[in-house]
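Derivation of every value follows stated rules applied to the coordinates shown; laboratory data play no part. These numbers come from a predicted model, not from an experiment. So basically every Cβ, Gly included, is an ideal-geometry build from the backbone, and we count neighbours across all protein chains shown.
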Amino acid sequence: MRTILIVGNWKMNKTASEAAAFVHEITHRLPASPGVECVVAPPFTALESVRAALGSTSAIHLGAQNLFWEDRGAYTGEISAPMLKDLGCRYVILGHSERRALFGEQDDGIQKKLRAALAHDLKPILCIGESLAQRENGNTEDVLRQQLNGALAGLSLHSVTAITIAYEPVWAIGTGKAATIDQAVAAHRTIRAFLATMWPANAADATRILYGGSVTPQNIDALLRSDQIDGALIGGACLHADSFVTIATIAQSIGAKP
Ligand code: PGA
């Protein structure tokens with residue numbers, strides 16, 4: 001059984017007070033549902049106010065957008081896994097394509113971040129995805145396998161079961177041009193097949209694979225109805241209470257995958 005996971009990646013949006021007001025609104029409108037897990041990933045500066053606004057009984061969990069792999073030390077401007085854990089984070093997004101493209105993140109560093117998250121009992125959401133040029137050159141599958149291998153090679157079975165993968169084609173992020181269901185399903189199959197080459201098939205079957213890239217209230221239903229797509233990583237559409245609540249409500253109506 002793979003529980004649907006809906007993750008709102010706020011990126012660099014909302015101050016701490018805006019974030020708290022937003023969370024009050026969505027928690028009032030969104031009841032808990034056993035078949036769906038919801039996560040909000042605000043900027044670091046809003047984690048505390050979002051945690052307070054969520055309260056202890058909320059149906060929504062807290063996530064962070066990044067971390068640095070060392071626990072502490074002279075790393076100006078960085079945030080560690082124990083710091084996030086202490087603030088109540090359950091999830092952390094790692095290897096987002098904006099971090100790869102704008103901040104030079106590479107697979108070996110992403111692997112270190114992943115290991116740090118796991119060591120501190122944070123659940124990593126590992127983002128992978130091809131650029132438009134890579135897709136047009138027919139390299140999508142190779143790129144996905146390379147990114148998976150770079151981030152995951154050497155991880156134990158126990159570790160890998162804690163990880164969620166987010167397939168986010170770079171050309172679909174923030175463009176309003178989501179992948180088709182067929183494109184997303186093909187990529188998810190490639191990912192699951194790769195996982196099955198590295199770990200026992202039941203681990204691959206149990207791993208959640210999210211789709212991300214221009215997810216909206218209009219396309220979420222069709223995406224989640226595929227048995228390969230276990231949830232969504234959402235940018236723009238998660239910043240508005242109406243669209244986030246609509247997406248989460250549609251996910252709840254679809255429920256857990258067999
Ligand atoms: P988008 O962003 O939904 O705005 O396309 C998705 C993401 O970057 O995770």
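What list of ³J(HN,Hα) values in whole Hz, one per residue of the range 166-176 in order, does the Karplus curve 6.51 cos²θ - 1.76 cosθ + 1.60 (θ = phi - 60°) give from phi, with Gly and Pro shown as x?
Per-residue couplings from phi come out as 10, 8, 10, x, 4, 6, 9, 7, x, 9, x Hz.
Spelling out what I want: for every residue of the range 85-97, take phi, set θ = phi - 60°, compute 6.51 cos²θ - 1.76 cosθ + 1.60 (Karplus), and round to whole Hz; glycine and proline get x.
Once rounded to whole Hz, the list reads 4, 4, 8, x, 6, 9, 10, 9, 7, 10, x, 4, 5.
Of the beta bridges DSSP finds with both residues in the chain, what % are antiparallel, to the nearest 5?
Antiparallel bridges: around 5 percent, rounded to the nearest 5.
What shape does the range 139-258 take by its C-alpha gyration tensor, where a ≥ b ≥ c are the square roots of the eigenvalues and a/c under 1.5 counts as rounded, a/b above b/c as prolate, and the rest as oblate?
Prolate shape, in that a/c is at least 1.5 and a/b is the bigger ratio.
State which entries of Lys11/Lys177; Lys14/Lys113; Lys11/Lys85; Lys14/Lys112 exceed 22 angstrom in Cα-Cα distance in the structure shown.
Table pairs above 22 Å Cα-Cα are Lys14/Lys113; Lys14/Lys112.
Grab the DSSP H runs of the chain that are 4 residues or longer, score each as -39,500 (n - 2.57), total them, divide by all residues and round the 222 nm result to the nearest 500 deg cm²/dmol.
Calculated from helices alone, the mean residue ellipticity at 222 nm is -12500 deg cm²/dmol.
Within a 10 angstrom radius of the beta carbon, how do Ser33, Ser97 rank from fewest other beta carbons to most?
Arranged by neighbour count, lowest to highest, Ser33, Ser97 become Ser33, Ser97.
Comparing Asp230, Asp108, Asp182, which has the greatest mean-square fluctuation in the GNM of the chain with Cα pairs linked when under 10 Å apart?
Highest fluctuation among the options: Asp182.
Per residue of the range 69-79, what does 6.51 cos²θ - 1.76 cosθ + 1.60 with θ = phi - 60° give for ³J(HN,Hα)? Whole Hz please, x for Gly and Pro, Karplus curve as stated.
For the range 69-79, the Karplus-derived couplings read 6, 7, 6, 6, x, 7, 9, 3, x, 9, 10 Hz, x marking Gly and Pro.
Show the residues, 5+ positions off or on another chain, whose built amide H is closer than 5 Å to the amide H of Gly231.
Those lying under 5 Å, H to H, from Gly231 are Leu5, Tyr211.
Specify the residue with the greatest mean-square fluctuation among Pro43, Pro34, Pro124, computed from a Gaussian network of the chain linking alpha-carbon atoms under 10 Å apart.
Pro34
For all pairs of alpha-carbon atoms in the chain, what percent lies in each bin of width 10 Å, listed from the first bin to the last filled one?
Computed distribution, short to long bins: 7, 33, 39, 19, 2.
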